[in-house]
Amino acid sequence: MILMDRSMTTWRALATLYLLSLLAGRAPAAEPPPWLAGLDAGGTLQVLCLGDSISDGWQMTRPEADAYPALLQEMLAARWPAAQVEVVADGQPGGDSTGGLWRLEAHLEAIRPQVVVLQFGGNDKGTGDGLLNLPRYEANLRDLVAMCRAAGARPVLCAPPMHELVLGMPFPTAAARIAAELDVPLANFDRALKQNLVDSRGVFPFGIHPLEYGHARLADVVYPAVREAMGAPLAARLTFEPCNPAAAAAPAPVSLDVRLDNLTPTPVAGRAWVEVAAAGAETALDVAADGAWQGAVEVPLPPPAADARSREFPLRLHADLGSERLLERAVLAEVPLLSSGYGGALAASNLTGQATTWGGVADLAAQVTLTNDANRLTVTVTVQDDVVVPADGPPRGDGIELYLDLRPDGQRGAPPWSDQCLALMVGLGADGAATVT
């Protein structure tokens with residue numbers, strides 16, 4: 001029995017003993033925990049999402065509803081509607097795995113979670129390649145896993161998303177390797193975002209953190225990992241292929257490629273449907289007797305607002321297969337941009353995203369001039385816009401992005417997420433004052 005009022009030193013000792021048992025070959029039992037059977041009868045499920053600004057939903061408009069911990073709670077509640085499901089999000093902007101050790105101790109004592117999602121790595125890396133910080137990060141992940149297991153909680157590790165567009169960077173690779181070594185379910189956030197980019201320039205579009213579209217993708221991978229940790233792996237999977245709503249002029253429907261797979265040898269039957277919350281519409285899918293379905297679904301979309309500079313359409317994909325209930329949150333995201341690239345005048349060819357949103361220079365025009373003296377470089381941007389959408393900067397409202405690319409010839413023009421490419425974001429606040437990030 002583990003006493004929950006132990007000190008951090010005792011937790012460390014318990015964690016060390018647990019790691020020694022793993023090295024001796026005594027891996028944790030994989031059978032479902034005793035509390036799992038009680039969820040259908042109204043039991044309690046406590047999940048802790050412990051991490052950095054990603055788990056906080058930093059810079060989202062409604063993180064309490066749209067960040068991945070909130071989506072995870074919605075998905076778990078859809079599977080166990082009679083249970084008391086609570087997902088506690090403790091995301092600390094700037095937090096790293098070292099601070100996570102102390103924060104985890106407090107949560108293990110206070111709420112006694114049954115499952116803990118451990119999401120660290122971006123701030124452990126810091127600036128540059130961060131390789132000097134990698135051994136400490138790996139040691140902390142092992143301690144975090146051991147602390148969870150010593151307290152009776154089932155851990156899930158997240159491979160952190162990196163700014164670089166390529167896969168296989170050291171920190172997500174280390175998280176995946178440790179998850180495999182310790183037999184911990186893995187939610188690969190890095191792969192999830194890079195395979196479903198909102199913006200071709202990087203995992204963090206506009207120099208900020210994942211927004212609604214990105215968090216829906218994070219929920220895609222963390223939910224099956226949590227189910228695996230609970231000893232209740234998915235019996236079916238509902239997925240869709242993202243499409244660009246700019247291909248259709250709303251309110252015309254777009255075609256959504258949906259797939260429902262039965263993951264068990266037992267035939268299942270039921271129903272599935274797509275819900276478009278903003279349009280107040282549902283589209284049914286005919287599910288075959290074996291629970292499999294694949295095809296294109298025509299999804300109606302509402303018209304954009306008159307002053308819209310971007311469109312995000314939240315969808316819910318449902319499946320009720322008797323023993324398995326699925327809820328998949330999806331966001332069709334479209335962010336129109338006018339970009340002058342690396343020099344040149346704005347033209348229709350510079351428009352990306354919704355190809356009908358720019359009506360020429362009468363709609364939106366900009367002029368950029370650069371001057372310099374011995375001490376400074378001055379960039380002056382003059383924007384003329386017929387409709388101004390104030391907010392905290394792109395992509396929420398009107399704004400300007402400037403990049404100072406210090407990379408050598410042959411690398412300029414590539415995705416700008418690099419330590420040698422500096423980004424400056426200027427937005428127009430609701431009070432008319434400029435905000436700079």
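None of the figures in this text is laboratory data; all of them are computed from the coordinates on show. It should be emphasised that the depicted structure is a prediction, and the values quoted were computed from it without experimental measurement. Cβ sites come from the backbone with ideal geometry, for glycine too, and all protein chains shown count toward neighbours.
Peptide packing: for 185-191, 134-140, the average count of neighbouring Cβ atoms within 10 Å per residue gives the ranking 185-191, 134-140, highest mean first.
Need one word for segment 84-147: rounded, prolate or oblate. Basis is the Cα gyration tensor (sqrt eigenvalues a ≥ b ≥ c); a/c below 1.5 gives rounded, then a/b vs b/c decides.
Details: a/c = 2.69, a/b = 1.92, b/c = 1.40.
In terms of gyration-tensor shape, prolate.
Arranged by the count of other C-beta atoms within 10 angstrom, fewest first, what order do Ser53, Ser323 take?
Ser323, Ser53
The ranking of Tyr223, Tyr68, Tyr403 from fewest to most other beta carbons within 10 Å of each one's beta carbon is Tyr403, Tyr223, Tyr68.
As a rough footprinting exposure proxy, the listed residues Asp386, Asp257, Asp52 were ranked by other beta carbons within 10 Å of their own, and the order from fewest upward is Asp386, Asp257, Asp52.
Between Gln367 and Val389, 0.36 nm times their residue separation minus their Cα-Cα distance comes to what? Please list the in-between numbers first.
Values: separation 22, 0.36 × 22 = 7.92 nm, distance 1.90 nm.
Stretched fully, the Gln367-Val389 segment lengthens by 6.0 nm.
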